[in-house]
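Notes for the one structure printed next.
The values are calculated or read from the model by the stated rules, or taken from the named source; none is laboratory data. This one's a predicted model, so the numbers in the text were calculated from it and none came from an experiment. Cβ atoms come from the backbone with ideal geometry, glycine included; neighbour counts cover every protein chain shown. Side chains included, ligands, DNA and RNA excluded: accessible areas come from the protein's heavy atoms. Shrake-Rupley method; radii C 1.70, N 1.55, O 1.52, S 1.80 Å.
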There are 2 protein chains.
Amino acid sequence: MEQGKSIQTEDERAMRAALDEAYLAKEAGEVPIGAVVVYQGRIVGRGRNRVEQLQDPTAHAEILAITAATENLGAKYLTDCTLYVSLEPCVMCMGALRWAQVSRIVYATSDPKAGYHVLAPKAPHPRAVIEVGPFGDEAAGLLRSFFSERR
Amino acid sequence: MEQGKSIQTEDERAMRAALDEAYLAKEAGEVPIGAVVVYQGRIVGRGRNRVEQLQDPTAHAEILAITAATENLGAKYLTDCTLYVSLEPCVMCMGALRWAQVSRIVYATSDPKAGYHVLAPKAPHPRAVIEVGPFGDEAAGLLRSFFSERR
């Protein structure tokens, strides 16, 4: 998945940053999921899964990225922001994205087990745009290899 | 709503503590919602709405109570715990309660606008018991008076 010198789109650059967070999570022994919040082309919040490290079931990548972004921007709404995350958000995180009014959500690979669309398809903010973005195979492979190594 | 010297049930004592948190939230200018987590008859986590204070849309009473309880107990699951909250949990908080595997959830008054049952009736953990508890009128009145004073 070497990008080499190819020109990346903004979505690719941002999702690459989310994947960087996912790799850091994996190194820390966490389920490898990462997220970033982008505002006006700039990353304003980063988060990676820290559930084990913090022993906190709410410490998902998206929650930490949202909290970092609101702190960074000094605003409780992220209305003109895009959240990039390596895995489809769960119910909790989609609820958080709704409260934060994040206007665009891009995820790399879907989560047929715990993704929001299974348990709460009506959870997203009605004005939110949700898209499947780049690097889906890499994000899925990273999760697959993590779980197969743990078995 | 003076309790006087009447004997309180465990649910009443715990919900009273959740309401105490809600009153503290109100004093701080927050939407008055409070929560506590009880394990073996003991309050192991407290939380009140701090969205404005922290400018963090994820700083709901339940999230903070869950995080406090997991930190206090040193465990990421709250399997044998009950969460008491003055208002029906939203989608985000119900998702968090699912991840934390909180086995019993008691709320004082329902939230027909943003409660989980409207947007995500399938969000709760399949083994979770969810009940409407005591002091519903007081919890609803507290919210009503907060919003009418702000208008």
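Looking at B:Asp80, B:Asp111, which one is within 14 Å of chain A (Cβ to nearest Cβ), within 20 Å of B:Gly133 (Cα to Cα) and not aromatic (Phe, Trp, Tyr)? Outline the logic, then answer.
On the way: B:Asp80 fails: within 14 Å of chain A (Cβ to nearest Cβ).
Residue meeting the stated conditions: B:Asp111.
Name every residue in the stretch A:31-61 that is touching a strand residue (DSSP E or B) at 6+ places or on another chain (Cβ under 7 Å) and of a type outside the set (A, V, I, L, M, F, W, C), in order of residue number. Break it down into steps so the answer makes sense when it comes.
Let us first name the residues in the stretch A:31-61 that are touching a strand residue (DSSP E or B) at 6+ places or on another chain (Cβ under 7 Å), namely A:33-39, A:43-48, A:61.
Scanning the stretch A:31-61 gives A:Gly34, A:Tyr39, A:Gly45, A:Arg46, A:Gly47, A:Arg48.
In the stretch A:75-89, how many are in contact with an Asp or Glu (Cβ under 7 Å, 6 or more places away or on another chain) and open to solvent by 10 Å² or more (accessible area, probe 1.4 Å)? Steps first, answer last, please.
Filtering the stretch A:75-89 for residues in contact with an Asp or Glu (Cβ under 7 Å, 6 or more places away or on another chain) gives A:76, A:83, A:85, A:87-89.
Keeping just the survivors that are open to solvent by 10 Å² or more (accessible area, probe 1.4 Å) gives A:76, A:87.
Here the count works out to 2.
Kindly provide the set of residues from the stretch A:97-132 that are open to solvent by less than 60 Å² (accessible area, probe 1.4 Å) and more than 16 Å from the chain's Cα centre (by Cα), ordered by number. Talk me through it step by step, then tell me what you get.
Start the filter on the stretch A:97-132 by keeping residues that are open to solvent by less than 60 Å² (accessible area, probe 1.4 Å), which leaves A:97, A:100-109, A:111, A:114-116, A:118-120, A:123-125, A:128, A:130.
Selection gives A:Val118, A:Leu119, A:Ala120, A:Ala123, A:His125.
Of the residues that sit in the stretch B:48-66 and are within 11 Å of another protein chain (Cβ to nearest Cβ) and farther than 13 Å from B:Met92 by Cβ, which one is most open to solvent (accessible area, probe 1.4 Å)?
Looking at the filtered set, the residue picked out is B:Gln53.
Looking at B:Phe146, B:Phe135 in this structure, which one is open to solvent by less than 20 Å² (accessible area, probe 1.4 Å), farther than 26 Å from A:Ile63 by Cα and in contact (Cβ under 8 Å) with a residue 40 or more places away in the chain?
On the way: B:Phe135 fails: open to solvent by less than 20 Å² (accessible area, probe 1.4 Å).
Going through B:Phe146, B:Phe135 in turn, the sole match is B:Phe146.
B:Val36 is checked against (1) away from chain A (no Cβ under 14 Å); (2) open to solvent by less than 40 Å² (accessible area, probe 1.4 Å); (3) under 25 Å from A:Ala114 (Cβ atoms); (4) not polar (S, T, N, Q) and fails just one. What number does that condition carry?
Every condition holds for B:Val36 apart from (3).
May I ask you to say which residue of A:Glu71, A:Glu30 is of a type outside the set (A, V, I, L, M, F, W, C) and buried (at least 16 other Cβ atoms within 10 Å of the Cβ)?
Values: A:Glu71 fails: buried (at least 16 other Cβ atoms within 10 Å of the Cβ).
Exactly one of A:Glu71, A:Glu30 is of a type outside the set (A, V, I, L, M, F, W, C) and buried (at least 16 other Cβ atoms within 10 Å of the Cβ), namely A:Glu30.
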